[in-house]
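Q: Handing you this structure, nothing more for now.
The values are calculated or read from the model by the stated rules, or taken from the named source; none is laboratory data. This is a predicted model, so every value here is computed, not measured. Reconstructed Cβ throughout: ideal geometry from the backbone, glycine too, with neighbour counts over all protein chains shown.
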Amino acid sequence: MTFHHLTFEDVLKHFSSTIEGLGEEEARTRLARYGPNEIRREREISPAKIFLSQFSSFIVYILIAAVFISFILHEHIDGAVIIAILIVNRFSVFFRNIGPRRLLSLLRRWLLFRPRLSGTAAR
């Protein structure tokens, strides 16, 4: 459902809530049913491990084999070009992957959401 197209009242109606918030009993029920309102933490992966994992695809293995074959056949320029392409490509993929991971890490720190309770639930 696209909530950004709905009115405030329709969103409240959809979630069976009111402008005052949830009652204490409903808050407990939803906490038991859905769990706490938090972003799950995944195990952090080091940038070095992310970079090295970029070399674990079948096409990369083929290119590495092509490098060895090029050097065996004394085609050093061809081998060097393939190595350069591999390195540039893997760094490109690495930075595309590391960006979203860092962004998620920052969001986890910034989004320490603390809901405001009102009425009987706040007591």
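Q: For the range 68-87, does any single residue satisfy the condition of being touching a residue at least 24 places away in the same chain (Cβ under 8 Å), hydrophobic (A, V, I, L, M, F, W, C) and in contact with a Lys or Arg (Cβ under 9 Å, 6 or more places away or on another chain)? Let's see the steps before the verdict.
A: First pass over the range 68-87, keeping only residues touching a residue at least 24 places away in the same chain (Cβ under 8 Å): 86.
Narrowing further to those that are hydrophobic (A, V, I, L, M, F, W, C): 86.
Filter again for in contact with a Lys or Arg (Cβ under 9 Å, 6 or more places away or on another chain), leaving none.
There is no residue in the range 68-87 that is touching a residue at least 24 places away in the same chain (Cβ under 8 Å), hydrophobic (A, V, I, L, M, F, W, C) and in contact with a Lys or Arg (Cβ under 9 Å, 6 or more places away or on another chain).
Q: Do any helices (runs of 4 or more DSSP H) entirely within the range 5-81 hold 1 or more residues that are of a type in the set (D, E, K, R), and if so, which? Walk me through it before giving the result.
A: Details: elements: 8-14, 24-34, 47-53, 58-72.
Qualifying helices (runs of 4 or more DSSP H): 8-14, 24-34, 47-53.
Q: Here is a further query. Looking only at the range 19-32, filter to residues that are without any contact (Cβ under 8 Å) to a residue 24 or more places away in the chain and surrounded by 13 or more Cβ atoms within 10 Å (Cβ to Cβ); which one of those is nearest to the chain's Cα centre (by Cα)? Steps first, answer last, please.
A: Residues of the range 19-32 without any contact (Cβ under 8 Å) to a residue 24 or more places away in the chain: 19, 25-26, 28-32.
Going one step further and asking which of them are surrounded by 13 or more Cβ atoms within 10 Å (Cβ to Cβ), we end up with 26, 30.
Details: GLU26: 31, ARG30: 26 Å.
My answer is ARG30.
Q: Next question, about the same structure. Taking the conditions exactly as written (surrounded by fewer than 10 Cβ atoms within 10 Å (Cβ to Cβ) and at pLDDT 80 or above), does ILE77 satisfy them or not? Lay out the reasoning, then the answer.
A: Values: surrounded by fewer than 10 Cβ atoms within 10 Å (Cβ to Cβ): yes; at pLDDT 80 or above: yes.
Here the answer is yes, as ILE77 does meet what is asked.
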